[in-house]
Amino acid sequence: MTHKSAAEVRDKLPENLESVETTGEPVAIESGGRTVAVLVSAEDFALLERLRDEDEDRRDLEAVREARKEPGSVPWETLKADLGL
């Protein structure tokens, strides 16, 4: 991964975008001595989105499993009201 200051990226944005697109190598954007953002290819971004969605699905499934362990039930009307339906 290449590290550049925010000013370097801003001043040569077209070149940085082309580099990310053609090489696939991300560009870390630094400001104040820390990485604040990263330019990544559209392909890498799509992969990150899929991974995030899978992680959300996994957490939702875990929450459902835990909720099913709880005793009792919630009446349908109460659930609809809680969800604003």
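FYI, it's all coordinate maths here, none of it is from the lab. Not measured: the values here are computed from a predicted model. Because the Cβ atoms are built from the backbone with ideal geometry, glycine has one as well, and the counts that use them run over all protein chains shown.
Would you be so kind as to identify which of Val9, Gly33, Val20 lies farthest towards the positive end of the dipole of the chain, taking Lys and Arg as +1 and Asp and Glu as -1 on Cβ and the Cα centre as origin?
Most positive-ward Cα: Gly33.
Rank Glu15, Glu70, Glu25 by mean-square fluctuation in a GNM of the chain with C-alpha springs under 10 angstrom and give only the top-ranked residue.
Top of the fluctuation ranking is Glu70.
Between Ala28, Ala67, Ala42, find the one with the highest GNM mean-square fluctuation for the chain; connect C-alpha pairs within less than 10 Å.
Ala67
If you split all Cα-Cα distances of the chain into 10 Å bins from zero, what percentages do you get per bin, shortest first?
That works out to 15, 26, 19, 14, 16, 10, 0, in percent per bin.
Once you've got the GNM for the chain with C-alpha springs shorter than 10 Å, pick whichever of Gly72, Gly24, Gly32 has the biggest mean-square fluctuation.
The residue that fluctuates most here is Gly72.
Report, in deg cm²/dmol and to the nearest 500, the calculated mean residue ellipticity at 222 nm for the chain, where each DSSP H run with n ≥ 4 adds -39500 (n - 2.57) and the sum is divided by the residue count.
-20000 deg cm²/dmol
Identify all lysines with a Cα-Cα distance to Lys12 below 16 Å; exclude those on the same chain that are fewer than 8 residues away in sequence.
Lys4
Could you give the size of the charge dipole of the chain about its Cα centre, using +1 on the Cβ of each K and R and -1 on the Cβ of each D and E, expressed in debye and rounded to the nearest 20?
300
Going by alpha carbons, how many degrees (0 to 90, nearest 10) lie between the helix axis of 42-69 and the longest principal axis of the chain?
With rounding to tens, the tilt is 20 degrees.
Take every DSSP beta bridge with both residues inside the chain and express the antiparallel ones as a percent of the total, to the nearest 5.
Expressed as a percentage, antiparallel bridges in the chain total about 55.
Rank the residues Lys4, Lys80, Lys12, Lys69 as a footprinting-exposure proxy: fewest other Cβ atoms within 10 Å of their Cβ go first.
Ranked by crowding around the Cβ, least crowded first: Lys69, Lys80, Lys12, Lys4.
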